[in-house]
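Written below as structure tokens is the structure these notes are about.
The values are calculated or read from the model by the stated rules, or taken from the named source; none is laboratory data. Remember, predicted model here, so these are calculated numbers, not experimental data. Positions of Cβ are generated from backbone atoms using ideal geometry, with glycine treated the same way; all protein chains shown enter the neighbour counts.
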Amino acid sequence: MINEPLVRETACLYLTFRWVMSFEDLLRALARASPAHVAIAIAVVILFRIVFVPRSSGATKRAEASDDEDETFPAPQPQGDLTKLALAAYDGSDATKPILLAAKGVIYDVTRGRDFYGKGAAYNGFAGRDCSRALGKVSLDEKDLCADVADFAASERDTLNGWVAKFLDKYPVVGVVTDGDYNGTF
């Protein structure tokens, strides 16, 4: 989706400064200009921006933010460790429960990503289990939907660690799989 106000603002700024061939030319011109000329140039830019770049009323930002708020999600999973059997109950098949997955033995609440991990979604196989092997191998094969990473090459370890970093950045940590099979040391 294109951010139209940003595109308009960028176009206006480009048109405002297109006479300047490079940043060095601009710096040389400012060094030679008197303070009055610099003040006039800044005033012209501000005036140009006020007149030609419409201000966002905030409605667009509020509409984008309300898209996430309109969706109803189950209550977040409380912090706590789970067994593999208990984790399997959070596989996205019950819309009243959060969706959980584990990577490297750590459980994440990925409910906000239900378009990816919910029932019928492309990565639903990851939900309700430790999917470390599948993440590292970038695989959706049933045989790879497990925590066994003992035979991983360096590139697969790096890939898995990249996914874990994304999960840590995006989703809350719930706990760990208490009886998990994750066998990596990285």
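Assorted remarks:
- Subset of segment 130-143 [surrounded by 23 or more Cβ atoms within 10 Å (Cβ to Cβ) and not hydroxyl-bearing (Ser, Thr, Tyr)]: 130, 131, 133, 134, 135, 136
- Search result, residues across segment 93-119 that are in a loop (DSSP other than H, G, I, E, B), of a type outside the set (D, E, K, R), modelled with pLDDT of 95 or more and more than 18 Å from the chain's Cα centre (by Cα): 93, 98, 105
- Top-ranked residue of segment 155-171 - restricted to ones that are among the hydrophobic types (A, V, I, L, M, F, W, C) and over 13 Å from residue 105 (Cβ atoms), ranked as surrounded by the most Cβ atoms within 10 Å (Cβ to Cβ): 163
- The set of residues in segment 72-91 being surrounded by 15 or more Cβ atoms within 10 Å (Cβ to Cβ) and in a helix (DSSP H, G or I) consists of 84, 86, 87.
- All conditions but one from (1) more than 27 Å from residue 127 (Cβ to Cβ); (2) exposed (fewer than 11 other Cβ atoms within 10 Å of the Cβ); (3) at pLDDT 65 or above apply to residue 58; the one that does not is (3).
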